[in-house]
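Enquirer: Just passing along the structure, written as structure tokens.
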Amino acid sequence: MIFRTATRQDLPAVLALLAQDENPDAAAATTGTPAPEPVSGAHERAFAAIEADPRNEMLVLEQDGDLVGCLQLTYVPGLGQGGRERALVEAVRIRADRRGGGLGARLMELAADRARERGCGLMQLTSNKRRTAAHRFYERLGYARSHEGFKLPLR
């Protein structure tokens with residue numbers, strides 16, 4: 001198993017992982033490597049911005065030569081936690097046909113190790129209210145429901 005920073009070549013596979021949970025019926029039917037997602041100019045710009053920002057990392061998990069998982073870590077400075085950064089976890093995904101075998105737990109463990117090495121005092125995440133299986137997963141890993149989240153679309 002290889003845990004590493006994503007490269008531009010990983011972008012279609014990462015987008016395919018993210019798309020699996022946009023359409024849960026499609027994710028349930030997916031076997032093998034997800035179909036590459038078309039990469040738009042907006043995706044290219046977003047990936048370039050993540051890659052160029054020392055407070056952001058798109059990380060991937062490979063197994064047997066296949067990209068099977070991803071997540072984004074954003075390091076947020078703050079005055080709380082004794083002035084230490086907090087690690088914000090986003091876009092956590094394991095390929096649908098590889099779920100249930102411990103890869104997600106391993107991915108989150110590796111991300112937590114990375115945040116600890118950086119000196120973060122806390123790791124936090126939000127999860128869509130409809131993703132109840134993901135909520136159970138995070139709770140099994142020791143994450144506590146501590147806040148109610150809010151969003152404001154800016155379109």
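The values are calculated or read from the model by the stated rules, or taken from the named source; none is laboratory data. What you see is a predicted model; the values in this text were computed from it and never measured. Backbone-built Cβ (ideal geometry, glycine too); neighbour counts: all protein chains shown. Ligands, DNA and RNA are stripped out before the accessible areas are found, and what is left, the full protein with its side chains, is counted by its heavy atoms. Shrake-Rupley method; radii C 1.70, N 1.55, O 1.52, S 1.80 Å.
Enquirer: What's the Cα-based Rg to Rh of the stretch 27-136, Rh via Kirkwood?
Expert: On the way: Rg = 15.2 Å, Rh = 15.5 Å.
Computed over Cα atoms, the ratio is 0.99.
Enquirer: Could you tell me the extents of the stretch 56-109's C-alpha atoms along the three principal axes, largest first, rounded to whole Å?
Expert: Principal extents (Cα only, largest first): 41, 18, 15 Å.
Enquirer: So with the 1.4 Å probe, I'd like the accessible area per residue for the chain, rounded to whole Å². Walk me through the numbers on the way to the answer.
Expert: On the way: 9590 Å² over 155 residues.
I get 62 Å² per residue for the chain.
Enquirer: Pull out the extension gain between Q63 and R98, defined as 0.36 nm times the separation in residues minus the alpha carbon to alpha carbon distance; nm, one decimal. Numbers along the way, then the final one.
Expert: Numbers: separation 35, 0.36 × 35 = 12.60 nm, distance 1.00 nm.
Contour length minus Cα-Cα distance gives 11.6 nm.
Enquirer: Output ³J(HN,Hα) for the stretch 116-121: one whole-Hz value per residue in order, computed from phi by the Karplus curve 6.51 cos²θ - 1.76 cosθ + 1.60 with θ = phi - 60°, and x for Gly and Pro.
Expert: 4, 4, 7, x, 5, x
Enquirer: How large a share of the accessible area of the chain, in percent, is made up of carbon and sulfur atoms when the probe is 1.4 Å and the other protein chains stay in place?
Expert: On the way: 5040 of 9590 Å².
Carbon plus sulfur share of accessible area: 53 percent.
Enquirer: Relative to the longest principal axis of the chain, what angle (0 to 90°, nearest 10) does the C-alpha long axis of helix 11-20 take?
Expert: Relative to the chain, helix 11-20 is tipped by roughly 90 degrees.
Enquirer: What list of ³J(HN,Hα) values in whole Hz, one per residue of the stretch 122-132 in order, does the Karplus curve 6.51 cos²θ - 1.76 cosθ + 1.60 (θ = phi - 60°) give from phi, with Gly and Pro shown as x?
Expert: 7, 10, 9, 7, 10, 9, 3, 4, 6, 8, 5
Enquirer: Could you tell me which chymotrypsin sites (Phe, Trp or Tyr not before Pro) in the stretch 80-155 are loop residues by DSSP with no more than 14 other beta carbons within 10 angstrom of their beta carbon? Intermediate values should be presented prior to the final figure.
Expert: Values: sites: F137, Y138, Y143, F150; in loops: Y143, F150.
Those that pass, being in a loop and sparsely packed, are F150.
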